[in-house]
Amino acid sequence: LLSAEFIFLFKRKMFRVFWQVFPKSFSASSRIREEIVLSQREILSWKFYSNMASDFRVERDTFGELKVPSDKYYGAQTARSLMNFDIGGPNERMPLPIIHAFGVLKKAAAIVNKARGLDAVLSDAIVKAADEVIEGKLDDHFPLVIWQTGSGTQSNMNVNEVISNRAIEILGGQLGSKNPVHPNDHVNMAQSSNDTYPTAMHISTAVEINKLLLPNLKKLHEALQNKAKEFASIIKIGRTHTQNGEDLQDAVPLSLGQEFSGYAQQIAYGIERVNATLPRLYELALGGTAVGTGLNTYKGFAEKAAAEIAKQTGLPFKSAPNKFEALAAHDTMVEVHGALNVIACSLMKIANDIRFLGSGPRSGLGELILPENEPGSSIMPGKVNPTQCEAVTMVAAQVIGNQVAVSVGGSNGHFELNVFKPLIVSNVLRSIRLISDCSRSFTDHCVIGIQANHDRIKKLMNESLMLVTALNPHIGYDKAAQIAKLGHKEGITLKEAALKLGFLTADQFDQWVKPEEMLGPK
């Protein structure tokens, strides 16, 4: 940016501000800041679209000409979006699963349109270019960010332009000529951004769920289930009425296996909840075009395109029965994230329990021995922390936050179109990826390696006053409560307190208070 052009432009801006504003007022700082921002935008535009003919080509849209980097397949509408929506930078780009899903639907549309008059040569070239999009070979040609038009129009056109120019190149034509493959007339034939973007939303979400989320949740469920079996014979004291892991209140015994079986069931239900959303997620908006009526498409297109998408992905996609709902509302996406939100809540509970049960080694609960994966402190030698649990709880917090964004976006479908589409799908995809990755990491680096601290578990159980609950059927609640209170007050065992009060004999206590017989109904 320290070029002669930049210096000249900046000086020109500053001179203009001082000449116009300073003689009238000494409060020019805010105006100066505004002009600096405008200068930065002009420089950004100059940086990407300068007159260096060897590095750029001229593309046109309905607003006029723009210079586009010669090594990129996108065209004028993508370039214009880059100028108009400089928000967030590369970290906020449209998620690649959306781009790859667009490749799937553009390929399907080209195949179906071939039978409806789209030239076979053009169709085949579009299919080849779309395949490269699907395979990720053209990822660098999709620079647009999430924060654009809420219908995703710019991203749909980004895909149309890339596929068009790549198809032109395949056919030996000139990039940017829109000949013989036009981005709107051929790549976008029988389509609108209003139906293609929600179609890509559903395709990408369904693919990510089946490819990443469900396999990793099943892996976590299996690991927790295995621990439940491994710990089935280990009896421990239960705890109820806790607050953030503090104020732990003793309860009656249960097995460590029973405790872990609860965790496993939570994940099993989470898997069921996700699966329950899939039938509606497999319904596609394609064929609704602008407002759901199907204007500029033809009978059979929607059904045939959905069938082709199903063939390509191996998932049972079908045409949505009501395109007006499919364009104007995204209740299905909200429903999907609702299931993810429940899983996040489950993961928060499970990870918190495991890290609290593994707290110590000397002053915590210490019932579990967690894998030691890395040093835990830069100042305390030998310290090891429950880092996997911490990562899981942070992921859970993020997903719970994403739920708010998805809910707000989903509730703002006005009339015939919801214009929060990129916001909704980007948060759904992020939550899917986060839960998938953290479930795998938690399984591999924590759950599989968890061990029970038998001595500590036994010690805490034998010291618990809540074993007195077993005496209720024999001596009544009130006398049992007196035994517990005396034991706590004088720091003696339950047996010693019971004998001191004279409520039962030593043999009776040993016969009635057996933790291993307190794990279920008799």
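The values are calculated or read from the model by the stated rules, or taken from the named source; none is laboratory data. Just so we're clear, the structure is a prediction, and the values are computed from it rather than from any experiment. Cβ sites come from the backbone with ideal geometry, for glycine too, and all protein chains shown count toward neighbours.
Need pairs with beta-carbon distance below 8 Å; first residue in the same structural domain as VAL159 (by TED's automatic domain parsing) and crowded, with 22+ Cβ neighbours inside 10 Å and within the range 63-75, second in a strand (DSSP E or B) and aromatic (Phe, Trp, Tyr); sequence gap 6+ or separate chains.
Sorted first by the residue in the range 63-75, then by its partner, the pairs are VAL68/PHE56.
Is it the case that THR289 is of a type in the set (S, T, N, Q), more than 23 Å from the chain's Cα centre (by Cα), on the phi > 0 side of the Ramachandran plot and crowded, with 20+ Cβ neighbours inside 10 Å?
yes
When the range 237-270 is examined, which residues are found to be within 14 Å of LEU365 (Cβ to Cβ) and at pLDDT 95 or above?
LEU256, GLU259
For the range 344-369, how many residues are of a type in the set (S, T, N, Q) and modelled with pLDDT under 95? Step through it out loud before you land on a result.
Residues of the range 344-369 that are of a type in the set (S, T, N, Q), as a first pass: 346, 352, 359, 363.
If we keep only those that are modelled with pLDDT under 95 as well, we get 359, 363.
Number of matching residues: 2.
Just need a number here: residues in the range 307-338 that are crowded, with 22+ Cβ neighbours inside 10 Å, within 17 Å of the chain's Cα centre (by Cα) and aliphatic (A, V, I, L, M).
2
Every residue in the range 67-95 that is out of contact with any helix residue (DSSP H, G or I) (no Cβ under 6 Å at 6 or more places or on another chain) and either in a helix (DSSP H, G or I) or small (Gly, Ala, Ser) (or both), please.
SER70, ALA76, ALA79, ARG80, LEU82, ASN84, GLY88, GLY89, PRO90, ASN91, GLU92, listed by residue number.
Identify, from the list ASN184, ASN188, the residue that is in contact with a helix residue (DSSP H, G or I) (Cβ under 6 Å, 6 or more places away or on another chain) and either under 30 Å from LEU471 (Cβ atoms) or modelled with pLDDT of 95 or more (or both).
Going through ASN184, ASN188 in turn, just one is in contact with a helix residue (DSSP H, G or I) (Cβ under 6 Å, 6 or more places away or on another chain) and either under 30 Å from LEU471 (Cβ atoms) or modelled with pLDDT of 95 or more (or both): ASN188.
Grab the helices (runs of 4 or more DSSP H) fully contained in the range 416-522, keeping just those with 3 or more residues being assigned by TED's automatic domain parsing to the domain that holds THR387, basic (Lys, Arg) and more than 16 Å from SER255 (Cα to Cα).
The helices (runs of 4 or more DSSP H) meeting that bar are 421-445.
From the list GLY366, GLY358, which one is more than 15 Å from ILE267 (Cα to Cα), touching a Leu at 6+ places or on another chain (Cβ under 9 Å) and crowded, with 19+ Cβ neighbours inside 10 Å?
Within the list GLY366, GLY358, the selection yields GLY358.
For the range 469-514, enumerate the residues that are touching a helix residue (DSSP H, G or I) at 6+ places or on another chain (Cβ under 6 Å), surrounded by 15 or more Cβ atoms within 10 Å (Cβ to Cβ) and within 21 Å of ARG239 (Cβ to Cβ).
ALA470, LEU471, ALA480, ILE483, ALA484, GLY487, LEU494, VAL513
List the helices (runs of 4 or more DSSP H) that sit entirely inside the range 147-249 and contain at least 1 residues that are in the same structural domain as TYR282 (by TED's automatic domain parsing).
Numbers: elements: 153-170, 193-208, 214-230.
Per the criteria, 193-208, 214-230.
Here is a check on your reading of the model: is LEU214 farther than 20 Å from ILE111 by Cβ and in contact with a Ser or Thr (Cβ under 7 Å, 6 or more places away or on another chain)?
no
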